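Presented below is the structure to which this report refers.
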Amino acid sequence: MSVPFDEAFLRRLEYLHMVSRKVYSGKQRAERRSKKVGSGLEFADHRDYSPGDDFRYLDWQVFARMERMLIRLHEEEEDLQIYILLDCSRSMSLSLGDISKFDHAAKIAAALAYVGLANLDRVAIVPFGEKLEQRMPPTRGKNQIFKVFRFLEAITPGGPTRLNASLKQFVHQNKRRGMAVILSDFYDPEGYDDALSYLRYNGYEPFAIHLVDELEMTPSLRGDLSVVDCETGEVKEVTVTPRMLARYKEVHQEFCRNLEACCKQRQASYFRTAIQVPWDEIVLRIFRAGGFLK
Amino acid sequence: MWLTLFGGFGGVITLLYLLRLRRRRLEVPFGPLWQKVLAEKQSSSFFRSLKNIVSLLLQLMVLALVLSAIADPRWTGDLTVTDATTSESDERVVLPHHTFLIVDASASMQVGTRMADAKVVARQVIDSLAPGDSVVLARVDHDVAVLTDWSSDRDALVAALESITPRDSATRFTSALELAASALSGLAHAETVLITDREAQTPPAALAAAARLRVVPVGAEVPANTSVAAFAVRSHLGYRLEYAVQYTLRNKGPGRAVTVHLYTDRSGKAQSRADFQKLPPQLTFQHTLPADAEQTFEHAGLSLDGNRAALVADATGDLFPVDDAAFAVVPTRKQVRVQLVGPENLFLMAALATRKNVDVSRVDLADFKTTEGSDLTVFTGAAPAELQRGNLAFVNVRTGALPFDLGEAVVEPAPLFVPPAAAAHPAMTHVKFVDLDARDFRPLVRKKGQEVLARTKKGQSAILAGATSERRFVAVGFDPIESEWVGHYSFSIFFVNAVNWFFREEAAFLRSQGLDAAWRVSLPWAAGQSVDVVKPDGKVVRALVDGAGGLAYTGDAIGIYAVKAPAGTPQALAGDVLVPAALFSATESALTPGLVDFVPYEPRVAMDATVPELRLAGLAIWQLLALAAAGLLLLEWFTFHRRWTV
């Protein structure tokens, strides 16, 4: 995969911030609010004075009005942990047109990583398929983007999709919670519900980016076919008729709706995008329109 | 045949259909989606199989209909026509009928009204054609000629029938029946109808059965007939300026007096019986033939005036004139002009003089101009610088243009002998070498096509002979005088033989050919050359000299056939080759109908030719079948593309 960004495009991305609905604690100061109350500028709360507290944080105005000694608490801004979970199963690499879902997902992952790095967030890229693959450790700083590119280039997609097993393994390996951006087609015969629930239950903020291929939704097939599942190898004999194609489209749309409903039910952000839409347009427009970027 | 075609094409269609049903593999990203669709939409496997079979059956039905349309079926089931000669209640089923009609056109059909009777019967066969029937008309004499293709056109058939005229040749049914059997093979309601006077050999019963032969006899027996069974003219054995004539007369019926006229023609133009009978007979002989007998007569010491002869036997009341005449070529008594080129050679002149009718002249080489005007030119010692054409002899020639090469001179005397293969050569007849050594000898190196007539023990050629379209030659490679060959009797005999070979006097003794088979005539010209054959009636046909230097030909009229020399032939070889031909067939001359062992022909009753063709909505059966096939094809296409039948 060649480097997917030119210099002008990268510069525009620098001004975008990742939106996070929750505040996570971090080890380093950054531009994010964290659960820690500290020396930030933005007021957070009051608490009663305890001996030993720094008098500089006493709210003298409250003491004058209510004669209570209260300490002003400020939110401390810290860095955000962003995990980009990239589906690299066989279904992602199957291409019905000029581009595969994996290529598209890799470019989006690179763009997201760049945004995160430029905002001094910690970005980790975690490929998964049947299980977690070798991941790119969390890193920060804009100059790390080429490391991201090299990592993405080295990934070879293949194998089946096991979302449950992969995400459970992911949760167990990472103690720091954060945003979990899942780039996948969600084609898992075992389903995706448990995986999303598990992420949510363990304190991650899931972002489901559902990549669909319009050629998959409306295939131009006709006649007698042996349909082979690219991941399981299961064969189904089909005689494709226009009516059957229409029904297939309905089933596919139902699959997408179910996934979206599942995400909403678990308060996970959901974005569906076709790979026929240019990836830079997705990053600049669709994500912003969807509230993913600000 | 149509079932075989249907089986073959049906197999191909089934194979293609199975290949079409073979499913294309397609990899999809998520099989469960398709599984969900299939669980709702796919019909049962039984119904799917049934639909597959329906599509295949539709295609096979289309094939069957197309083949049926091509076969152009005719309605034969309950269509009835009224017999033109019977009452309306007498209805018969019409079946297409094939008839191979053969009309005998041999010489015996010239007797009386036989040919006219045959044509009347043939007309009856043609007139009895029903719609759908077809006929092939053929003429047979010693060969078979097919005059029409399978035809139902009565006018065309009658026109072809009227063009048949009897030939002067004998009858050979075999080839005609083989052709008929081949033509009728595989056809139902077919037969061969042979109209003949039965003056022929009975064909094999198996062949007659294969041809499904039925015979229509015509002609009654002729009680009496006189014919010439053989005729030959040759030189007198003792004195070659006189001739001997031999002929055989055959008499059928009671004893009778016969007058035989011998005609000769010196103009070189008479070819037919009519040509000769314009001339006064040169000789006339009277004979009385006993009943049913054959006698041979010979007259020697005759002086014949001309080189063409005809013998005509004249008997009162003879009904069959074709076999009364025979023809012959009279051997020409020509003076042979021999030109000696070189120094005086009395031994050679004496040897040539032993043959009568030889004129020998001598010129020196410097005075020699051409070989034209000489029947033979003999070069001694040297030859001209330019290779000559015509009949040539080279005796101990060492210089000049030669048709062969010369080897190195042999100093030692070399004993000569005649190779066994050369003993049959005309120039070596009665020639043997006893104690003869070649001296002053230069071996002759032969070229392709030349024959070694004498050689030494070491294989060196001493005498050569060769013949091409331009020249014939003999060559002696040693000095006959130094070798003392001139003292041997073989010296004279060799040169006399050579002159005879060059002059081809003996070759003129051609036997008269019979008109019951093809002839083969030897010609003095090169293979592949085109020659004209002038028939007795003056018509000219073009023929080719075959690889063996001969001509195979089949005559159809009695008389003398003249084979003209090809253009550009040297004068010495340019004479016409004459082939006398007559009907020497005892069977034809018998004029007695033979026994008929075959099923006699019963003329079919003439049918009303106005039987309407069965049509529906103005369309013939094949058109209806084709339309049905197109409709089914459209239906199959429509249902296949909507996945109703697959």
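The values are calculated or read from the model by the stated rules, or taken from the named source; none is laboratory data. Being a predicted model, the structure only gives us computed values, none of them experimental. Cβ placement follows ideal geometry from the backbone for every residue including glycine, while neighbour counts extend to all protein chains displayed.
Which ones in the range B:366-419 are of a type in the set (V, I, T), loosely packed, with under 14 Cβ neighbours inside 10 Å and more than 24 Å from B:K432 (Cα to Cα)?
Once the filter is applied, which keeps residues that are of a type in the set (V, I, T), loosely packed, with under 14 Cβ neighbours inside 10 Å and more than 24 Å from B:K432 (Cα to Cα), the range B:366-419 yields B:T370, B:T399.
Here is a list of conditions, (1) farther than 23 Å from B:D375 by Cβ; (2) in contact with a helix residue (DSSP H, G or I) (Cβ under 8 Å, 6 or more places away or on another chain), and B:S469 meets all of them except one; can you say which number that is?
All conditions pass for B:S469, except number (1).
Are any residues in the range A:221-249 within 27 Å of the chain's Cα centre (by Cα), at the interface with chain B (Cβ under 9 Å from one of its Cβ atoms) and surrounded by fewer than 17 Cβ atoms within 10 Å (Cβ to Cβ), and if so, which ones?
A:T232
Pick from the range B:356-389 the residues that are of a type in the set (D, E) and either modelled with pLDDT of 90 or more or outside any strand (DSSP E or B) (or both): which of them is farthest from B:I481 (Cα to Cα)?
Out of the qualifying residues, it is B:E372.
Among the helices (runs of 4 or more DSSP H) confined wholly to the range A:54-123, which include 3 or more residues that are farther than 30 Å from A:K175 by Cβ and in the same structural domain as A:I182 (by TED's automatic domain parsing)?
By residue number, A:90-93, A:101-118.
So B:V12 clears everything in (1) at pLDDT 80 or above; (2) surrounded by 15 or more Cβ atoms within 10 Å (Cβ to Cβ); (3) aliphatic (A, V, I, L, M) except one condition, right? Which one?
Here B:V12 meets the rest and fails (2).
For the condition among the small types (G, A, S) and in a strand (DSSP E or B), what is the one hit in B:A159, B:A232, B:A188?
B:A232 is the lone residue from the list that is among the small types (G, A, S) and in a strand (DSSP E or B).
Do any residues in the range B:491-504 that are in contact (Cβ under 8 Å) with a residue 12 or more places away in the chain have Cβ atoms under 8 Å from those of residues that are surrounded by fewer than 20 Cβ atoms within 10 Å (Cβ to Cβ) and aromatic (F, W, Y), where the two are at least six apart or on different chains, and which pairs are they?
Between residues of the range B:491-504 that are in contact (Cβ under 8 Å) with a residue 12 or more places away in the chain and residues that are surrounded by fewer than 20 Cβ atoms within 10 Å (Cβ to Cβ) and aromatic (F, W, Y), the close pairs are B:F491/B:F347.
Before we move on, is B:L573 away from chain A (no Cβ under 14 Å), buried (at least 20 other Cβ atoms within 10 Å of the Cβ), modelled with pLDDT under 75 and within 29 Å of the chain's Cα centre (by Cα)?
yes
Report, by residue number, each residue of the range A:250-259 that is more than 7 Å from chain B (Cβ to nearest Cβ) and within 11 Å of B:L33 (Cα to Cα).
Result: A:E250, A:Q253, A:E254.
Quick one: count up the residues across the range B:172-207 that are in contact with a Pro (Cβ under 8 Å, 6 or more places away or on another chain), farther than 21 Å from B:S108 by Cβ and of a type in the set (D, E).
So the count comes out to 0.
Taking only the range A:56-98 into account, find how many residues are among the hydrophobic types (A, V, I, L, M, F, W, C), out of contact with any strand residue (DSSP E or B) (no Cβ under 7 Å at 6 or more places or on another chain) and modelled with pLDDT under 85.
1
Quick one: which residue in B:A313, B:A326 is outside the structural domain of B:G390 (by TED's automatic domain parsing), farther than 17 Å from B:F491 by Cβ and in contact with a helix residue (DSSP H, G or I) (Cβ under 7 Å, 6 or more places away or on another chain)?
None of the other options fit; the residue is B:A313.
Residue by residue through the range B:137-149, note down the ones that are buried (at least 22 other Cβ atoms within 10 Å of the Cβ) and touching a Leu at 6+ places or on another chain (Cβ under 7 Å).
Once the filter is applied, which keeps residues that are buried (at least 22 other Cβ atoms within 10 Å of the Cβ) and touching a Leu at 6+ places or on another chain (Cβ under 7 Å), the range B:137-149 yields B:L137, B:A138, B:R139, B:H142.
Go through the residues of the range B:32-40 one by one and say whether even a single one is at pLDDT below 70 and within 14 Å of chain A (Cβ to nearest Cβ).
Yes; the residues of the range B:32-40 include at least one that is at pLDDT below 70 and within 14 Å of chain A (Cβ to nearest Cβ).
Taking A:L199 as the residue in question, decide whether it is touching a strand residue (DSSP E or B) at 6+ places or on another chain (Cβ under 9 Å) and either within 14 Å of chain B (Cβ to nearest Cβ) or in a helix (DSSP H, G or I) (or both).
For A:L199, the condition - touching a strand residue (DSSP E or B) at 6+ places or on another chain (Cβ under 9 Å) and either within 14 Å of chain B (Cβ to nearest Cβ) or in a helix (DSSP H, G or I) (or both) - is met.
Quick one: in the range A:137-156, which of the residues that are touching a residue at least 40 places away in the same chain (Cβ under 8 Å) and touching a helix residue (DSSP H, G or I) at 6+ places or on another chain (Cβ under 9 Å) is farthest from A:I82 (Cα to Cα)?
Filtering first and then ranking leaves A:T156.
Which is among the β-branched types (V, I, T) and in contact with a strand residue (DSSP E or B) (Cβ under 8 Å, 6 or more places away or on another chain), of B:V486, B:V445?
B:V445
Where in the range B:525-564 are there strands (runs of 3 or more DSSP E), lying wholly inside it, with at least 2 residues that are under 20 Å from B:N307 (Cα atoms)?
B:530-534, B:559-563
In contact (Cβ under 8 Å) with a residue 12 or more places away in the chain, part of a loop (DSSP other than H, G, I, E, B), assigned by TED's automatic domain parsing to the domain that holds B:A565 and out of contact with any helix residue (DSSP H, G or I) (no Cβ under 7 Å at 6 or more places or on another chain), is that true of B:D516?
Spelling it out, B:D516 is indeed in contact (Cβ under 8 Å) with a residue 12 or more places away in the chain, part of a loop (DSSP other than H, G, I, E, B), assigned by TED's automatic domain parsing to the domain that holds B:A565 and out of contact with any helix residue (DSSP H, G or I) (no Cβ under 7 Å at 6 or more places or on another chain).
Just a yes or no: is a residue in the range B:436-452 surrounded by 20 or more Cβ atoms within 10 Å (Cβ to Cβ), of a type in the set (K, R) and free of Cβ contacts under 8 Å to residues at least 40 places away in the same chain?
Scanning the range B:436-452, I find no residue that is surrounded by 20 or more Cβ atoms within 10 Å (Cβ to Cβ), of a type in the set (K, R) and free of Cβ contacts under 8 Å to residues at least 40 places away in the same chain, so the answer is no.
If you check B:H189, B:H142, which single one turns out to be over 22 Å from the mean Cα position of the chain (by Cα) and modelled with pLDDT under 90?
Exactly one of B:H189, B:H142 is over 22 Å from the mean Cα position of the chain (by Cα) and modelled with pLDDT under 90, namely B:H189.
Answer yes if at least one residue in the range A:52-60 is in contact with a His (Cβ under 7 Å, 6 or more places away or on another chain) and over 30 Å from A:D188 (Cα atoms), and no otherwise.
Among the residues of the range A:52-60, at least one is in contact with a His (Cβ under 7 Å, 6 or more places away or on another chain) and over 30 Å from A:D188 (Cα atoms), which makes the answer yes.
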